[in-house]
Amino acid sequence: MIAYFPDIYPDELIYSQLLRYYINSGYNAYVHAAEELFGSHFILPNVEFLNFFTPNALQMITRKMPIEDIILNHTMFPYYGRFLLPERKRKVFCSLCSKERGHFTPLQTPHQMDGVVRYLRYCPMCAARDRERYGETFWHRAHQIPNISSCPFHGCYLLNSSAPITKSRFSIENAAEVIIPFSDTPKMALDIEQQLSAYMWEVFQSDMNMNSNVIIGRFLHSRIENTKYCSARGAQRNITALYNDFIVFYDRLPDAHLPNFNLFQIVFRNYKASFYRICLLSMFLGISPHDLSNMVLPQMSQAELFDKKVRDLRSQRVT
């Protein structure tokens, strides 16, 4: 029976909250905590999403916040799910909210980036602020956004901890308060890295409209209409010109962080809706985080306006 459960901090991963519960409750073995939380000692905690919880654990976790808000505000769903095709996004969200799907996560989340193992990351300045404000630090979602290089609040580079982002047993060695040093010296990121990190965070933490049917590829195409990146009718994209200017815009960003030409094209095709690549392109195009988070299409596309103008001209000639 769970009698004590800590409150969750703003932007804290639920994994971090569960880890603090495990440590502060005095369990002498993971199997006992797993039985209380997940109903089986064979189940491992999911770092970026949710597990299937026992009724008692679920009651404690949702005592101040419904499960829907926990998914949106304390998991990485806004990164992996925001730009999915609308119907799939709704299906995935409902699946995560369901109590009948076990600990299966219907999204592919990489434990490696470019062949390198991912670790939970932290900002030394955030850790110092947490300790001053709360008496301890914790794992922030903002620092775990894939491809983000600097803290969106302080502008310094994020640092890897020794805790891998993978399914593993709760351990005191994975606790942020235990493994984040008190004496790290922050190193400030490049201006372009700071701007991109702040942009990505703004999009990440924005409200998600589950009822929107706007597709990201169509939205991005609408934002390059009537520019040199579109044909006169607006149906054809000049991807080469767009990509060349994109590369110049991000000339100070490390090359390893930029997509190649083929991956760049995919953004418009609604295939593998990469949050990172979409934010890169949107920031380059001058799309505000608010507009990207609340996508609205024009009443008529450039192609439709072009065709209407042609019909009107033909009609005038007939008369």
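The values are calculated or read from the model by the stated rules, or taken from the named source; none is laboratory data. Note that the structure is a prediction, hence the values are computed from the model and not measured. With ideal geometry, Cβ positions are generated from the backbone for all residues, glycine too; neighbour counts draw on all protein chains shown. These accessible areas exclude ligands, DNA and RNA; they are computed on the full protein's heavy atoms, side chains included. Shrake-Rupley method; radii C 1.70, N 1.55, O 1.52, S 1.80 Å.
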| Unpartnered cysteines - no second Cys beta carbon under 4.7 Å - across the chain | 94, 97, 156, 230, 279
| query | How many lysine pairs are close in the chain, with Cα atoms under 24 Å apart and the two 8 or more places apart or on different chains? | reply | 11
| request: Order the following by accessible area, largest value first: 64, 308. Probe radius 1.4 Å; ligands, DNA and RNA are ignored. | output: 64, 308
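Which net charge results when you count Lys and Arg as +1 and Asp and Glu as -1 among the other residues whose beta-carbon is under 14 Å from that of residue 195? Before the final figure, lay out each step's value.
On the way: positive: 252; negative: 191, 193, 202, 251.
Net local charge, residue 195 excluded: -3.
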| Net length gained if the chain between residue 178 and residue 35 were fully extended (0.36 nm per residue, minus Cα distance) | 49.1 nm
| said: For the chain, what does the convex hull of the Cα positions come to per residue, in cubic angstrom? | reply: 145 Å³
| query | What is the spin-label model distance, in nm, from residue 59 to residue 260 if the labels are put 7 Å beyond Cα along the C-beta direction? | reply | 5.5 nm
| query | Can you give the accessible area of residue 136 in Å² (nearest 10), computed on protein heavy atoms with a 1.4 Å probe? | reply | 40 Å²
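Mind ranking 200, 208, 125 by accessible surface for me, highest first, 1.4 Å probe? Please list the in-between numbers first.
Working: 200 0, 208 30, 125 70 Å².
Ranking 200, 208, 125 by accessible area, largest first, yields 125, 208, 200.
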| request: Provide the solvent-accessible area of residue 118, counting protein heavy atoms only and rolling a 1.4 Å probe, rounded to the nearest 10 Å². | output: 20 Å²
| message | If I model a spin label at residue 125 and residue 252 as a point 7 Å from the Cα along the Cα→Cβ vector, what separation in nanometres do I get? | response | 1.6 nm
